[in-house]
Structure formats: structure tokens, C-alpha cells
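Undergrad: Next up is a structure, given as C-alpha cells.
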Amino acid sequence: AGRTVVLVPTMGALHEGHRALLREAHRHGDAVVVSIFVNPLQFGPAEDLARYPRTFAADLRVCAEEGASLVFAPTPDVMYGAGAQITVHPGPIGEELEGASRPGHFSGVLTVVAKLFGLFRPDVAVFGEKDYQQLTLIRRMVSDLDLGVRVVGAPTVREPDGLALSSRNRYLSTMERPVAARLSAALRAGAAAGAAGPDAVLAAGAAVLDAEPGIRLDYLTLRAPDLAPPPVSGPARLLVAARVGSTRLIDNVPVSLPEAGRPAAGGPVRG
Ligand code: PAF
């Protein structure tokens, strides 16, 4: 009908972060489609597929309130009916960071996203920056496989203390909740040290994490915006993953390093 279709893929358990994705979607088109599907292909055998929160009735209300034109909520059988054999391989970026501790995860994500793109042929698709490696890989898939979808990244929505909104936050106990907020504090400290260069960014972030015994760090790393090896200048991304109790959390922020050719603040001064 000539309308611009914007797809918002989700796994349900919709929260304020998802509402922000839907609002962003309306800025890019006039028919917003939401998919709600807890995708078994992206969960490892030891992961939380069975206990992943399912709040379908409440999710439908959120979609209605946020003006979705259509909600697609298939069963696993509908998505992966008999005989499906082909999956998407995420390449080297999919093997590291989240991919290193969650083998097969990104293949599962890219496969379901490619299928959703095939089913809806959206003009635009919106994903949260909170899952930054996922967003990067989806952009890469669209570009490498010429899928012709414009991928929009929406900024992370945070609690007042900085904790990034996530469906998994509900697993945190009252004691763990303030500990989890230290992850975003570490990222803020790292980003604030950007003008002093990459080493200072990592040192500032690590200092916050080291001071919190309740955090079991998986990685704190500085990368280029496309997750290529760490840049020495210009825009970069600081990413963290850690366990708080039994809950694995991830977060990331943009960082501005000094422009090439300009000494880092506090760095060597030539007289
Ligand atoms: O970010 C998510 O909720 C999921 O990984 C996605 C993109 C909906 C694919 O299942």
C-alpha cells in the first residue's frame, strides 16, 4: 500500500527500552511491525531459555499503546518448521566478546533476524544499542548479504542510577541491584577519561569495577565503532560484560578519543 514498513524484532518481556524502540520506529515509517519470539536458536544448552520471562498479554498492551500496526508472535514450529537446515554464520566478530562465552548465539540471532527480514521485507529495522555487538553484526549482515534494510540503532534506556534496562534485570536480587549499577558507573568513568586516550579509558573503568567485589568481570574492552581492534583516536566504543550473582549483564557507551595528531590530555607534552 506504499507505506514504509518498520520492523522492531523483540523477544517480548517488553519494558521502557522496548517502548523507546517503538517510538524510534515511528520516526522512520508509518507501519510499525513488532515481532515477539523467544528464539531458541540463540540460547545455549546451559542458558535461560526455559526461564526467559514471557509476558505476552502485557506485551500486546505495550504494542497497542505504542501504536504498532501488527504483532507477529510465532511458535518455534512456525519459525523453524520441519526441514530447516540453513543458518547464518556471523564471521569473526561473532566469535569474540559475547560470542566467546555464548557459542552459537550470534548465528541464532542473525538467522532469526534474516528470516524476519524475509517474512516482512521491512524498509527499516530498529534495534537497541544496548546489545551493541548484535547491532553491529546485523548491520554487517545487511551490508555483506545486500539485504536492503536500513538498520537504525536506538540509544540505551537507563534507570536513574544508570543501570541499562534489560529483561534480565528482573533476576537481580535487592542486594545485587546496586552492584549491577556499578557497571554503568565504570563505563561513565571510562568515557569521561576519553580525552586522555585509550589506556586512561580502560584504567578508569577498571578502577570502578575493581572496587566492587560483587562483580565478576568477563570483559571490559575498547573497540572501534564497528568493533574492529581498538582505535587510538576519534570515536570508539567501551563495552563491558560481567556476572552479578548468577545474572550475566552487558552494557556499552560511546567514547571520544583525541583526534589523530593531537596529544592525549595528560599525555606527553613537547616543549
Ligand atoms: O535483541 C533481541 O531481543 C533478540 O536478540 C532479537 C534481535 C529479537 C533476535 O531474537
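Every read-out reported here was derived from the displayed coordinates using simple, explicitly stated rules and does not represent laboratory data. Note that the coordinates shown come from a computational prediction; the quantities given were computed from them, not determined experimentally. Every residue, glycine as well, gets a Cβ built from its backbone with ideal geometry; the counts of neighbours run over all protein chains shown.
Undergrad: At ALA195 and ARG121, where each label point lies 7 Å from the Cα along Cα→Cβ, what is the point-to-point distance in nanometres?
TA: My value for the distance between the label points is 5.2 nm.
Undergrad: For an R0 of 25 angstrom, estimate the FRET efficiency from the Cβ-Cβ distance between ASP226 and GLU47 and round to the nearest 0.05. Kindly include the intermediate steps, with their values, before the conclusion.
TA: Numbers: r = 27 Å, r/R0 = 1.07.
Calculated transfer efficiency: 0.40.
Undergrad: Also, quick follow-up: Alpha carbon centre of segment 184-211 versus segment 4-42: separation in Å?
TA: Result: 32 Å between the Cα centres.
Undergrad: Charges at C-beta only: +1 for Lys and Arg, -1 for Asp and Glu. How large is the resulting dipole of the chain about its Cα centre, in Debye rounded to 20?
TA: Using only the charged Cβ atoms, the result is roughly 200 debye.
Undergrad: Let me check against my output: what whole-number percent is the relative contact order of segment 112-271, with C-alpha pairs under 8 Å and at least 6 apart?
TA: On the way: 267 pairs, mean separation 30.8, N = 160.
Relative CO of segment 112-271 lands at 19 percent.
Undergrad: Quantify how much of the Cα-Cα distance distribution of segment 1-113 extends past 25 Å, in percent. All intermediate terms of the calculation are to be shown ahead of the outcome.
TA: Working: 1968 of 6328 pairs.
Of the Cα pairs, 31 percent sit more than 25 Å apart.
Undergrad: Using only the Cα atoms of segment 93-142, construct the convex hull and provide its projected area averaged over every direction, in square nanometres to one decimal.
TA: Values: hull surface 13.3 nm².
The directionally averaged projection comes out at 3.3 nm².
Undergrad: Which distance in nm do the two modelled labels at ALA100 and ARG216 give, with both placed 7 Å along the Cα-to-Cβ direction?
TA: Rounded to a tenth, the inter-label distance reads 1.7 nm.
Undergrad: Expressed as a whole percent, how much of the Cα-Cα distance distribution for segment 176-228 exceeds 19 Å? It would help to have the intermediate numbers written out before the result.
TA: On the way: 362 of 1378 pairs.
For segment 176-228, the share of Cα pairs beyond 19 Å comes to 26 percent.
Undergrad: Per the helix-only calculation at 222 nm, which mean residue ellipticity applies to the chain, given -39500 (n - 2.57) for every DSSP H run of n ≥ 4 and division by its residues, nearest 500 deg cm²/dmol?
TA: Details: 8 runs with 88 residues, N = 271.
Value at 222 nm, helices only, nearest 500: -10000 deg cm²/dmol.
Undergrad: Here is a follow-up. Take every Cα-Cα distance within segment 143-271, group them into 5 Å bins from 0 onward, and report for each bin the whole-number percent of pairs it holds.
TA: 2, 11, 19, 19, 16, 13, 10, 6, 3, 1, 0, 0
Undergrad: For the residue pair ALA1 and GLU259, what label-to-label distance in nm results when each label sits 7 Å from Cα along the Cα-to-beta-carbon direction?
TA: In this crude label model, ALA1 to GLU259 measures out at 4.9 nm.
Undergrad: Follow-up. Strictly greater than 13 Å: what percent of every Cα pair in segment 8-60 meets that?
TA: Tail of P(r) above 13 Å: 62 percent of Cα pairs.
Undergrad: Just need the Rg to Rh number for the chain, please, alpha carbons only, Kirkwood Rh.
TA: Values: Rg = 19.4 Å, Rh = 19.8 Å.
Radius of gyration over Kirkwood radius for the chain works out to 0.98.
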